Structures are given as structure tokens and as C-alpha cells.
Amino acid sequence: MTDSATRPGTFLAVDDSPLHHQMYRVVFAHGALAGSTLLHAMNGREGFELYAAHPELRLVLLDLNMPEMNGLEFLAKRRAEAVHLHIPVVLVTTEGSREDEARGRAAGAWDYLRKPFQPIDLERLVARLGDYTASAVGHG
Amino acid sequence: MTTPARAARPSGANLFDFADQIAAQAQAAQSLAQATEPAVAQLQLIAFRLDAEEFGLPLATVREVIRVGDITRVPQAPEHIRGVTNLRGRILSVVEIRTRLGLNAAVPGPRSRIIVVEVQHRVVGLLVDSVSQVLKIGVDRVIPAPDEVRSEASDHISGVAHLDQRLIILLDLERMLFAPNRAVPSPS
Amino acid sequence: MDSGNAFGDLTQDYIAECLPLAEAVTDAFLQLERRWREGDAEADSVVELKRTLHTLKGNSAMMGLRPMQIVAHALEDVCARVVADVAARKPEIAALLIEGAGLLVDQIRGAAESPADPVRAEGFVARVAAALAVPTPGSRDVPPAPEPADRAGLRLERRRSERPADAAGGMIRVDFRRLDALLEIFGEAMIEQSALPEVYRRLAARCGSCPEIGELDRVVVALRATMKRLESALMDTRLLPIATVFARFNRLVRDLAQAERKQIRLVTEGGETLLDKAILDRIGEPLLHLLTNAVIHGVESAEERLRQGKPPEATLMLSAAALSDRVMVTVVDDGRGLDTERILAQARALDLDVGGGADAAHGLIFQPGLSTAESVSHVAGRGIGLAAAAAAIHALGGSIEVRSRPSRGVVFTLTLPLTLAILRSLIVEVDQERYAVPLSHVAETVRVEPNTVHAIDGRGVAMWRGSAINVADGGALLGTGATHSAPRNYFVVLFSGPRRRGLLVDRLVGHQDVVVKSLDPSLGRPDVVSGATILGDGRVACILDATGIVAQREVA
């Protein structure tokens, strides 16, 4: 993995839980990712708008059960409209949701992050998935 | 450790002189204490007067000392509560400690002050005749209250400190403020 | 709590998010139990409930709160069984679900105070395991659950969707203490602002009219209008639906009814009614007392109800409705009603005034020392007493009334201010002391002419709107101790509920919106004063408690 992958960047959290947004705030305020920009969306529709407007996103954290547009619908729209397919989208699940994880992978999610997770888990995930923003900007 | 200047925060320009005064006194008391008995644990007190008697409170409980402004009487309040006053937008209860200690209530004079104390997370003001100084004394100077003092309002007294020719009565604030209001036997 | 957890600082957020979910799950389980008891073995809502539990489990795990995590997990398992197996849809299983959800509610509510008890959690999990270990016959050929159409499910759905809808409008989360701080600052600004007109008058008196004075007048008026708008905007930020309080009661009433061996259904209405959070925080206890009272004393046993031709299941209704600047909360039961004779007998024993009709007699139950209990053993250790409940409501600037009809039931009506923070007041002067009188309790101010107020039996009496009302001297009632009392030029007619009383004062100073500050406990609990405020000149004025004054024993 490149070093740049664990440097601060712009991230998007799509989740209807204010608590989760707070948790992401904690993760992105400390450690290797400190200084990152974190965008928040409280549902899939809002999330997709932000997603489409921000090609520089490093990674998207996507909840599955949301009103307006759920995680799977988000992924379907992303694929159908081929919007920023280079941006890693990660499903956030709770242990014991294998079915959800499988469906999400099938719909185009890159990976999943299982709750409970610690900040280090998210850092590792970000590092593992790499930084694709440079190439994206290059294509731009 | 609480420094005197911080503990006795003046609330307005007219109190800066007071702050300076007690800071200087504290310093003097400190140097004196260091010169004489460096080994004994020190007690920091704020001393004040009611009539001719001198009383002391632990400085750590004191938040500030303010001049006496308008005090509003509160209907049906306990007898030892003189009223409430405006402390920078907060309502401060003012305790008439004279009556709490068996003395007659008095009209506040120009030297009267309100000592704002914080006890058990509650902030109240104590109306006193005058504030004399901040001083440090060794804990070995403090003795339990003698009987003649006990006879009056012993519930509220934690001890007596001897300092040169002076006798400073140390008040037990918690008991004085929160103990049920027991009738103090009047000296007949 | 869990200091090793990276998200330990988010405990308040965790409670704020998860407590309503856990409460909603509890309510839905209560409804399920009712249906299953009635033989309706549907479980459509359970799929959604299981999802919510899954969320609770995940969130608890993130927070490192294992007891909550394992309880939620166990409940999920029970739900899975219930979905798959019609035979599992029986009251015992529902009881298990309710117990677990209740435990979860308690654990989450207490998450900020102390670590959840792992032993209770483990115990519950073990019981779930034992219950699920017994395979119910015929569990394999159960058709899959049909699509949810259940009310409980729908309600949960709505709750979940409301939040993000707000969020789409740009919602943020703010610690309530910050709103308090904001209000504090606003209060100071209001005090400073209220000093302006006086300064303006003095300036105008000294300088006469000039363009600058006119300019100043306009600015002062405009500032006042802006402050009003700021006030209402600020107040809006403090309002929360009363459902947050109501949610607690479903399980409490159920448990209590069970302990009392009574059948009771609690119905809530108007949960969307908004109230200042500071009030919401303080009405839970009095409401709980009224409900407890209704369950224990108001409602008859099923057999007794049947004998009287009533449905065996009693209905307790808790409802809220917004009036113009107040909120009305009612607690209604369809039980036996108050025992008027007993109340009167007790009141006589306590030497209370027992004049007036049955309604007045019923009002006596708020007097300290009176008990509505059937037997002493029943009351022991329960609630805070009706007198204390009434005192708590009065302390909020609210009022409480009771109406009762034999064998028809009891209605408690609480009227609460929308906010505790700001009070529209009439400022009066008595023996040079100034007091703020809440306008919400002022019926009228009357100028005292010769022969307006008569002394009858040492009591002041005046005719007002066609009836005689007691008029008390302000100086005597407030204990000003003035020896040469000033001429009392006015009396203010105060009212609280049906009761009225005049209060003689020297001067009406004017109307003012005052910022309410509570009295320090060292001041005791005066009956005639509910709080204090700071006037434009920086002096403190006490706020009169109209309810307390109206209820005071009559003085000349």
C-alpha cells in the first residue's frame, strides 16, 4: 500500500444514525487520519448527492438500512449511472449480517466494516483499499 | 494550591484594592510562616469580624468577596437568610451569619462585605461586618473550641486558632449552612 | 464508562439515540403481548423490531457496552424464533421479550451513571437460551411471515424516518447545557435592554426633544422587537415532544398493574406536543405519581369492574394538548372515582376548610397529610405523595386540578407553562418591595376606591365581577414588616384554577418579560414565591407564586 493511503483526505459517511456520525468524527479527528475532511449524510439520497459532487472522496462509509434511499439502492444507482466507480465504497455492518454483506458486495461495495470496530480497524481498511484520488483527478 | 488572588476574585474595579491588599497580606503571612515554622502544615484562612469577635473560614471555600449591594428580602425564607442579591446576573442567597451565631441582626455598614463561598457545590454569600485579612497559620495553632465559646453556637464552630494576641474562631461552614436550623440558646 | 473504549465520550449520544429505539421496541412488545393474549398470533412487526435490536446491538458493541450488546442479541434471537415459529407467539415469550427490552431500556438510560450490571444481563441471556432450547413442535412447516402491516411496526418506521427528514434540513446535535448558557446570556441582554427605556426617559427629560432623541426612541423600540424575535427563536430550540416522557410509562403501568393484579391499558395521546426540555425533565415524577395512584387506588379489580358492568380492562389515558401559551396534560382513569366522604372526614380531622361542593372537596387531596389510599399498607413506599406532586407542578408555574365522578373515574388536569425561562409579568410594589406577578395568573387589576374592600370577620372582601372574593393585604401576606404601610392603591386579582384572590399592592410598576431564576434551596420552600428575577435596575425581585397565594390561608 502506498503511504499516501493513510494520510488525511476527504471521506463521506452515509448513515441515519447521529451516533455513528459522532463515532466517525472521533476516528477522523485522531491518529493517522487526523485532519481529514469528513462529509456527513443522513440518508442515501443526500449521500448520493454529496458523493456525486465530490470526486475527490477517498472513501465512502455506507450504512445499509436508511430511509429515502438505502445502502443497496445507493450502490445500484452508483453502478447504473457509473458515478465515480473509482471511489471505494465500504458497507458498515454489524456482526451476524453476512447476508447483507454478501448482497452489498454483489451490488458493488468494495468491502465491509463490521461493528464493533475500533479506530485502528478503520485506519487499516483505508490503508488497505488505497488512495485512488490521485488517478481520478488525473483523469478529470 | 489556591492562590489568594484567585480565590478572592474581585468583581469590579472597586475591589481591586481589596485584592491587592489580601494578596500582599497573604504573601506576608506566607513569608512569615516560612521563616518560622516551615515544617508544620499550614491553614489558609480568610478572617472577618462580627462585632468584636474575629472569625475565620478556610480560604479554599471562598470564591470572592463583594461589597454589599441591594439585598432583596424573600418572603417566608428562613430567619437566617437575609435575602438575595444580584451577583453578575446570578441570584445569590445571602446568609445573615450574625443571627446564625446568636448575635442580633445588624444594618450593613460601609465596611460590611459579602463573602461568597462554595460549599458542597452550592454558592452562598455570608454577610459579615468587615473582612480583615487572609492569613496562614500552622494547624498546630488550632485547638478545639473552649467551653465558653461552645456555650453559644457550638454547632457551627470547628475550633479556635491562637495567633499572637488574637483569637480566631474557625467556623464549620457545612454545618452552619446545611444543618437544620436549630434554635440557638440566647444568652440570658 | 468504559475508559478503554475509543468512543466512551459519546455515551450521551448513545443514550439519546438508543433509548428511544429501546423504548419503542418495548412498546411494540407490549402490543404484541396484548394480541397474543387475545389469541391473535400475528408477528408482522417483529421483522422490523429485530432490525432495530440489531442496530442496538451494534451500537452497544461499538460503545464497548457488553451487557446491552448481549441482551439485544438475545432479544434478536427470540425475535428470529417468533418470526419462524407461530407456536412461539405466546404470552410467556412476549413476557420474555418485554422483560429483556425493559432491561435494555434501564441499562441504556443508566449508561452515563454506572456500568450496566453484567449479572442481570447474563441471567437474562441464560433464560432466553433455556426458553429457545425447547423446540416448539411443528416449527418447520410455518409459512414465511407476510409483509408487515402492523401498527407498532409502522410507528417504529415513522420514528426512524422523522429523524433523517430533519437531518436533511441540516440538523446538528447540541448539548442542552449550551442552550442554557445561550439563554443565560439572552437573559442578561434582556435585563440590560429593559433598562434602556428608563435611560431614554431621563435623557429626554434633560435634553428635551431633538432629532437624536427621536432616533434613540426608534432604536429602543426596534431593539425590543428584535429581542422578542430572538426570544421566540431561542425558545424553539428548547422544545421537545412530550412523547419523550410518555414513553417511560407504558412498561411502568404494565408492571404495576401486573403486581396489583389488575387489567389496565395505557393510552397516550398528543405525544407530539412540544414543551421546554427543562419542564419535561421535571414532570416525569409527578405524572408517574398520578399514574401510580390511578393504578393502585383509582382502578378496580377486574371482578369488581365486571360486577359494575364495566369492561374488566380499565383504561388509563395520558394526553397532552397545546393551548396558546400553555400545555395541558390530562391523566384520566375510568375507575371508581374519589371517595368524597373519606376525603372530607380526613380533612376535618386535619382541621382543613371543607366548605364548597364536591369539586372543592376533591381539591383537598393535594393537601399534605391527606391520603387517597384504601389502606395504609398500599401507600407505603409508593410515589411522592399527591401533595408533593402538586407542589412539583406548582413549582414549575403550573397548576393541577382534579375532577371525579363516582364509579366513572378521575380526571387530573395539569396546565404547564411552555417554558420555564421567561415569564410575562406584572411588576407591583408593596411597601417599597417589588414583585413580579406572572400575567398568566392575573385576572385583572382593580383600583381601590373608598368602600371597595370591606373587612368582614377580619378578612378583606371585595365584590369582583359579581361575586365576593377574598382580598389579602400584600404587606401582611408577604411579611414586609412595614409599620406604616403605604396606601394600597390597587388590588391584583390572582387566579389559579377555579380559585381567585385579590392582593392589595401600593403601585403597579408595569409589564415586563422577566427571566426566571430558581431560588437556592437555602431559601426553603416559600409558598408565596416561585422564583426570582433581576429587574432593569439590577435589583432582584421575587416572582409571586399565584397558585400558592390563592391557596394560602386567608389573612386580613
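Within the range B:93-120, the set of residues being within 14 Å of another protein chain (Cβ to nearest Cβ) and in contact with a strand residue (DSSP E or B) (Cβ under 7 Å, 6 or more places away or on another chain) comprises B:SER93, B:VAL94, B:VAL95, B:GLU96, B:ILE97, B:ALA105, B:ILE114, B:VAL116, B:VAL117, B:GLU118.
Candidates are the residues of the range C:536-556 that are within 14 Å of C:PRO438 (Cα to Cα) and at pLDDT below 85; the one that is surrounded by the fewest Cβ atoms within 10 Å (Cβ to Cβ) is C:GLY548.
Conditions tested, residue by residue: (1) modelled with pLDDT of 80 or more; (2) within 30 Å of C:TYR14 (Cα to Cα); (3) more than 24 Å from the chain's Cα centre (by Cα).
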site	(1), (2), (3)
C:GLY169	no, yes, yes
C:ARG178	yes, yes, no
C:GLU184	no, yes, no
C:ALA204	yes, no, yes
C:GLU212	yes, no, yes
C:GLU215	yes, no, yes
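Are any residues in the range C:508-524 more than 17 Å from C:SER425 (Cα to Cα), assigned to a loop (DSSP other than H, G, I, E, B) and not hydrophobic (A, V, I, L, M, F, W, C), and if so, which ones? C:ASP520, C:GLY524 - these are the residues of the range C:508-524 that are more than 17 Å from C:SER425 (Cα to Cα), assigned to a loop (DSSP other than H, G, I, E, B) and not hydrophobic (A, V, I, L, M, F, W, C). When C:ARG501, C:ARG507 are checked against the criterion of being over 21 Å from C:GLY548 (Cβ atoms), modelled with pLDDT of 90 or more and touching a strand residue (DSSP E or B) at 6+ places or on another chain (Cβ under 6 Å), C:ARG507 stands alone in meeting it. Apart from one condition, C:ALA482 fits all of (1) in contact with a helix residue (DSSP H, G or I) (Cβ under 7 Å, 6 or more places away or on another chain); (2) more than 10 Å from chain B (Cβ to nearest Cβ); (3) under 30 Å from C:GLU184 (Cα atoms); the exception is (3). Of all the residues in the range C:525-550, those that are within 16 Å of C:LEU494 (Cα to Cα), assigned to a loop (DSSP other than H, G, I, E, B) and within 9 Å of chain B (Cβ to nearest Cβ) number 2.
What are the residues in the range C:329-365 that are charged (D, E, K, R) and part of a helix (DSSP H, G or I), if any?
Keep residues of the range C:329-365 that are charged (D, E, K, R), which gives C:333-334, C:336, C:339, C:341-342, C:348, C:351, C:353, C:359.
Answer for the range C:329-365, where residues must be charged (D, E, K, R) and part of a helix (DSSP H, G or I): C:GLU341, C:ARG342, C:ARG348, C:ASP359.
Considering the conditions (1) in contact (Cβ under 8 Å) with a residue 24 or more places away in the chain; (2) acidic (Asp, Glu); (3) within 13 Å of another protein chain (Cβ to nearest Cβ); (4) out of contact with any strand residue (DSSP E or B) (no Cβ under 8 Å at 6 or more places or on another chain), A:GLU73 is excluded by exactly one of them, (3).
Please indicate, with yes or no, whether at least one residue in the range C:471-493 is polar (S, T, N, Q) and under 30 Å from C:VAL402 (Cβ atoms). Within the range C:471-493, not a single residue is polar (S, T, N, Q) and under 30 Å from C:VAL402 (Cβ atoms).
With respect to B:VAL134, determine if the residue is within 13 Å of chain C (Cβ to nearest Cβ), surrounded by 21 or more Cβ atoms within 10 Å (Cβ to Cβ) and part of a strand (DSSP E or B). When the stated conditions are applied, B:VAL134 does not pass them.
Conditions (1) buried (at least 20 other Cβ atoms within 10 Å of the Cβ); (2) within 21 Å of C:GLU23 (Cα to Cα); (3) without any contact (Cβ under 8 Å) to a residue 40 or more places away in the chain, marked per residue:
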position	(1), (2), (3)
C:ARG251	yes, yes, no
C:GLN258	no, yes, yes
C:LEU266	yes, yes, no
C:LEU275	yes, yes, no
C:HIS289	yes, yes, no
C:ASN293	yes, no, no
C:GLY309	no, no, yes
C:ALA314	yes, no, no
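Quick check, is A:ARG105 among the basic types (Lys, Arg) and touching a residue at least 40 places away in the same chain (Cβ under 8 Å)? Step through it out loud before you land on a result.
Details: among the basic types (Lys, Arg): yes; touching a residue at least 40 places away in the same chain (Cβ under 8 Å): no.
Criteria not met by A:ARG105.
Do we find that C:ILE283 is modelled with pLDDT of 85 or more and assigned to a helix (DSSP H, G or I) in this structure? Considered against the rule, which asks whether it is modelled with pLDDT of 85 or more and assigned to a helix (DSSP H, G or I), C:ILE283 comes out as yes. Of all the residues in the range C:495-524, those that are within 14 Å of chain B (Cβ to nearest Cβ) and in contact with a Lys or Arg (Cβ under 9 Å, 6 or more places away or on another chain) number 7. Hey, among the residues in the range C:62-77 that are among the aliphatic types (A, V, I, L, M) and under 15 Å from C:VAL25 (Cβ atoms), which one's nearest to the other protein chains (Cβ to nearest Cβ)? Here the residue is C:ALA72.
A Cβ distance below 6 Å, combined with a sequence gap of six or more or placement on separate chains, defines the contacts here; from the range C:344-361, residues that are over 19 Å from C:GLU401 (Cα atoms) reach residues that are small (Gly, Ala, Ser) in the pairs C:LEU350/C:GLY369. The number of residues in the range B:82-92 that are closer than 24 Å to B:ARG175 by Cα and at the interface with chain C (Cβ under 7 Å from one of its Cβ atoms) comes to 3. If you go through the range C:315-340 and keep only what is aliphatic (A, V, I, L, M) and closer than 25 Å to C:ALA361 by Cα, you end up with C:LEU316, C:MET317, C:LEU318, C:MET328, C:VAL329, C:VAL331, C:VAL332, C:LEU338. Does C:LEU96 meet the test of being more than 13 Å from every other protein chain (Cβ to nearest Cβ), within 19 Å of C:ASN250 (Cα to Cα), part of a helix (DSSP H, G or I) and out of contact with any strand residue (DSSP E or B) (no Cβ under 9 Å at 6 or more places or on another chain)? Spelling it out, C:LEU96 is indeed more than 13 Å from every other protein chain (Cβ to nearest Cβ), within 19 Å of C:ASN250 (Cα to Cα), part of a helix (DSSP H, G or I) and out of contact with any strand residue (DSSP E or B) (no Cβ under 9 Å at 6 or more places or on another chain).
Within the range C:29-47, track down each residue that is surrounded by fewer than 23 Cβ atoms within 10 Å (Cβ to Cβ) and assigned to a helix (DSSP H, G or I). Walk me through it before giving the result.
Our first condition is that a residue be surrounded by fewer than 23 Cβ atoms within 10 Å (Cβ to Cβ); within the range C:29-47, this holds for C:30-31, C:33-42, C:44, C:47.
Of everything in the range C:29-47, those that are surrounded by fewer than 23 Cβ atoms within 10 Å (Cβ to Cβ) and assigned to a helix (DSSP H, G or I) turn out to be C:LEU30, C:GLN31, C:GLU33, C:ARG34, C:ARG35, C:TRP36, C:ARG37, C:VAL47.
In the range B:56-81, the qualifying residues are those that are at the interface with another protein chain (Cβ under 10 Å from one of its Cβ atoms), in a loop (DSSP other than H, G, I, E, B) and without any contact (Cβ under 8 Å) to a residue 60 or more places away in the chain, and the one that is surrounded by the most Cβ atoms within 10 Å (Cβ to Cβ) is B:VAL74. Determine whether the range A:106-115 contains at least one residue that is in a helix (DSSP H, G or I), modelled with pLDDT of 80 or more and either within 14 Å of chain C (Cβ to nearest Cβ) or buried (at least 21 other Cβ atoms within 10 Å of the Cβ) (or both). Looking through the range A:106-115, none of the residues is in a helix (DSSP H, G or I), modelled with pLDDT of 80 or more and either within 14 Å of chain C (Cβ to nearest Cβ) or buried (at least 21 other Cβ atoms within 10 Å of the Cβ) (or both). For beta carbons closer than 8 Å, sequence separation of 6+ or different chains, a first residue in the range C:440-466 that is more than 30 Å from C:LEU420 (Cα to Cα) and a second that is in a loop (DSSP other than H, G, I, E, B) and among the charged types (D, E, K, R), the qualifying pairs are C:VAL448/C:ARG488; C:ARG459/C:GLU554.
The values are calculated or read from the model by the stated rules, or taken from the named source; none is laboratory data. All figures in this text were calculated on a predicted structure; none of them were measured in a lab. Don't worry about glycine lacking a Cβ; one is built from the backbone with ideal geometry, like all the others, and counts go over all protein chains shown.
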